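Colleague: To start, I am sharing the structure in question, which I have written as structure tokens.
The values are calculated or read from the model by the stated rules, or taken from the named source; none is laboratory data. Fair warning: this is a prediction, and the values are worked out from it, not measured in the lab. Counting neighbours? That spans all protein chains shown, and the Cβs are built from the backbone with ideal geometry, glycine included. For the accessible areas, the whole protein counts, side chains as well, though only heavy atoms, and no ligand, DNA or RNA atoms are used. Shrake-Rupley method; radii C 1.70, N 1.55, O 1.52, S 1.80 Å.
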Amino acid sequence: MRWWDIAPVLRLEHELFPDDAWSAGMFWSELAHARGPHSTRRYVVAELPPDSGSAAGSSGRLVGYAGLAASGDLADVQTIAVARDQWGTGLGARLLTELLRAATAFECAEVLLEVRVDNTRAQKLYERFGFEPIGFRRGYYQPGNIDAVVMRLTDPAQARTESSESNG
């Protein structure tokens, strides 16, 4: 993800998370920590090729994004989002695979994340990768006061990723 991706990311963010969407400033702050030798973040975007439903001559449509923060030997999935018309295509798994590769590159021994208790689709994805629920955060998602399930993956280098699932 680069600065020029922020506007399309925000459009998708507000479409998918209207009540608790991140602000442009939050994404700018995260990207400020994603470059250079002391970076602690990895943010990626997924775009459809220009010939996949975009107007002729235009760049591809942004259909997903994801971000990870690392601190010491612990990483935290900050966000994963996939456009609704891409649900069920494996894009979420590919984005998560990229974040787990980044966690391994950051030499993290564990990866944590929070997911809405009512987002069973995402919970199932994380479980396929080996994440296990370890607790709850009451009222984590505001302003809707929605609880979060906290999930943990130990040893992201050995995680069941999208590429390892397709290879056997």
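Colleague: Scan segment 109-146 for residues that are surrounded by fewer than 17 Cβ atoms within 10 Å (Cβ to Cβ) and of a type in the set (D, E, K, R) and jot them down.
Modeller: Selection gives 110, 118, 121, 124, 127, 128, 132, 137, 138.
Colleague: Which condition breaks for residue 51 when tested against (1) of a type in the set (Asp, Glu); (2) modelled with pLDDT of 95 or more; (3) assigned to a loop (DSSP other than H, G, I, E, B)?
Modeller: Among (1) of a type in the set (Asp, Glu); (2) modelled with pLDDT of 95 or more; (3) assigned to a loop (DSSP other than H, G, I, E, B), the lone unmet condition for residue 51 is (2).
For (1) without any contact (Cβ under 8 Å) to a residue 24 or more places away in the chain; (2) farther than 22 Å from residue 132 by Cβ, each residue gets a yes or a no:
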position: 13; (1), (2): no, yes
position: 16; (1), (2): no, yes
position: 47; (1), (2): yes, yes
position: 70; (1), (2): no, no
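Colleague: For residue 58, all conditions in the list (1) small (Gly, Ala, Ser); (2) at pLDDT below 95; (3) not in a loop (DSSP other than H, G, I, E, B) hold save one; what is the number of the exception?
Modeller: Going through the list (1) small (Gly, Ala, Ser); (2) at pLDDT below 95; (3) not in a loop (DSSP other than H, G, I, E, B), residue 58 breaks only (3).
Colleague: Would you say residue 103 is open to solvent by less than 30 Å² (accessible area, probe 1.4 Å), modelled with pLDDT of 95 or more and part of a helix (DSSP H, G or I)?
Modeller: For residue 103, the condition - open to solvent by less than 30 Å² (accessible area, probe 1.4 Å), modelled with pLDDT of 95 or more and part of a helix (DSSP H, G or I) - is met.
Colleague: While we're here: Quick one: is residue 66 surrounded by 14 or more Cβ atoms within 10 Å (Cβ to Cβ) and either touching a helix residue (DSSP H, G or I) at 6+ places or on another chain (Cβ under 7 Å) or part of a helix (DSSP H, G or I) (or both)?
Modeller: Taking the combined requirement at face value, the residue satisfies it.
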